[in-house]
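Scroll down for the structure; my scribbles are underneath it.
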Amino acid sequence: GNAIDEDPEESLLPRPPVVTIMGHVDHGKTTLLDAIRSAKVASGEAGGITQSIGAYQVTTASGQEVTFIDTPGHAAFSEMRARGANATDVVVLVVAADDGVKEQTKECIATAKLASVPIVVAINKMDKPGADPARVLNELMNYQLLSTEFGGDVEVGKVSAKNKDGLDDLLDKILLQAEVLELKANPNRAAQGVVIEAGMKQGLGTVATTLIQRGTLKIGDIFVAGASWGKVRLLMNHTGARITEAGPSTPVQVVGFDGVPGAGDVFTVVDKEETARTITDSRRKLLRENQAAQMQ
Ligand code: GDP
């Protein structure tokens with residue numbers, strides 16, 4: 001069963017949307033992610049953020065939060081889904097205003113539709129002389145994406161990632177789309193989530209950016225992630241500032257792993273160390289068996 005169904009309705013509280021940016025190569029996915037990060041992540045937060053940790057969260061002008069998976073493209077999205085981690089609530093489809101719908105644009109539309117994840121369109125590169133947003137909207141109609149401008153249900157933002165124009169409007173449109181989804185989670189339970197990326201940091205050992213999907217992760221919690229487990233020693237938010245807990249839709253850097261989890265690994269808090277050991281021992285055994293089988 002789907003773990004999200006296990007929480008009784010009355011325990012559920014609203015949570016921010018989690019967004020993945022997709023689109024054709026060179027249409028500006030990376031530039032848009034960087035632009036939103038640099039323009040919208042609250043200034044004055046500790047450390048500032050200079051480097052990507054795989055996800056970040058912004059606060060909009062209206063005071064609402066939006067979480068972005070900081071890896072553009074649909075490969076990571078599909079990989080996570082294949083492992084049962086449905087991390088994304090809304091896909092932002094970037095289409096360059098001067099280039100229109102291309103091969104990968106179509107693939108992204110198909111991927112999002114297959115996953116039943118709604119699409120918000122960002123028509124990018126509006127600063128370019130050849131920008132033709134009307135043409136883009138027309139092309140998108142061929143893929144059943146009809147803008148609200150024309151009576152459809154697809155929110156469309158026009159942006160220049162390069163000039164950081166239209167970002168607030170795009171964020172508002174993401175929130176409009178999210179509102180329809182009535183996203184909720186129970187914050188008052190053992191945390192569950194998904195590992196977005198993991199690596200080693202000097203003095204800290206494994207640091208894994210984890211997107212919390214339900215529950216609240218706290219210092220001292222014992223967890224399992226893929227074939228590794230650990231006890232939360234330190235939590236840092238997306239800016240590197242130390243925090244004591246992280247709730248639903250929050251990306252958090254977790255320190256305290258024994259081993260290194262993989263991107264897409266499901267992260268689950270368990271009751272005690274013994275449980276964590278038992279689960280990871282059997283997963284490690286299974287991995288070894290699979291590896292041995294593959295070598296034959
Ligand atoms: P990605 O492959 O989709 O991640 O695209 P990138 O973000 O790497 O951008 C591809 C190229 O388009 C880069 O040279 C960017 O500087 C440029 N670019 C991205 N956004 C804009 C924009 O809004 N306006 C203009 N003029 N160029 C842009």
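The values are calculated or read from the model by the stated rules, or taken from the named source; none is laboratory data. Keep in mind it's a predicted model, so treat the numbers as computed, not measured. Backbone-built Cβ (ideal geometry, glycine too); neighbour counts: all protein chains shown. These accessible areas exclude ligands, DNA and RNA; they are computed on the full protein's heavy atoms, side chains included. Shrake-Rupley method; radii C 1.70, N 1.55, O 1.52, S 1.80 Å.
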>> Among the numbered criteria (1) in contact (Cβ under 8 Å) with a residue 24 or more places away in the chain; (2) out of contact with any strand residue (DSSP E or B) (no Cβ under 8 Å at 6 or more places or on another chain), which one does Val154 miss?
In response: (2)
> Quick one: how many residues across region 112-133 are assigned to a loop (DSSP other than H, G, I, E, B) and within 18 Å of Asp34 (Cα to Cα)?
Replying inline: 3
> Counting residues that are in contact with a Gly (Cβ under 9 Å, 6 or more places away or on another chain), touching a residue at least 40 places away in the same chain (Cβ under 8 Å) and more than 25 Å from Leu12 (Cβ to Cβ), which strands (runs of 3 or more DSSP E) fully inside region 209-296 reach at least 3?
Replying inline: 228-236, 251-258
>> Checking the conditions here, which among Thr239, Thr216 is away from the ligand (no atom under 16 Å from the Cβ), modelled with pLDDT under 95 and hydroxyl-bearing (Ser, Thr, Tyr)?
In response: Thr239
> Picking from Gln144, Gln177, Gln192, Gln213, which residue would you name as being under 23 Å from Lys113 (Cβ atoms), open to solvent by less than 40 Å² (accessible area, probe 1.4 Å) and in contact with a Lys or Arg (Cβ under 9 Å, 6 or more places away or on another chain)?
Replying inline: Gln213
>> Among the residues in region 244-254, are any farther than 11 Å from Ala208 by Cα, modelled with pLDDT of 95 or more and aliphatic (A, V, I, L, M)?
In response: yes
> Are any residues in region 83-127 within 13 Å of the ligand (Cβ to nearest atom) and polar (S, T, N, Q), and if so, which ones?
Replying inline: Gln104, Thr105, Asn124
>> If I ask for residues that are surrounded by 23 or more Cβ atoms within 10 Å (Cβ to Cβ) and acidic (Asp, Glu), which ones from region 250-274 would you list?
In response: Asp265
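Against the condition open to solvent by less than 50 Å² (accessible area, probe 1.4 Å), touching a helix residue (DSSP H, G or I) at 6+ places or on another chain (Cβ under 6 Å) and touching a residue at least 24 places away in the same chain (Cβ under 8 Å), how does Val136 come out, does it pass?
Answer is no for this residue.
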> When you go through (1) within 16 Å of the ligand (Cβ to nearest atom); (2) hydrophobic (A, V, I, L, M, F, W, C); (3) buried (at least 21 other Cβ atoms within 10 Å of the Cβ) one by one for Ala131, which number turns out not to apply?
Replying inline: (3)
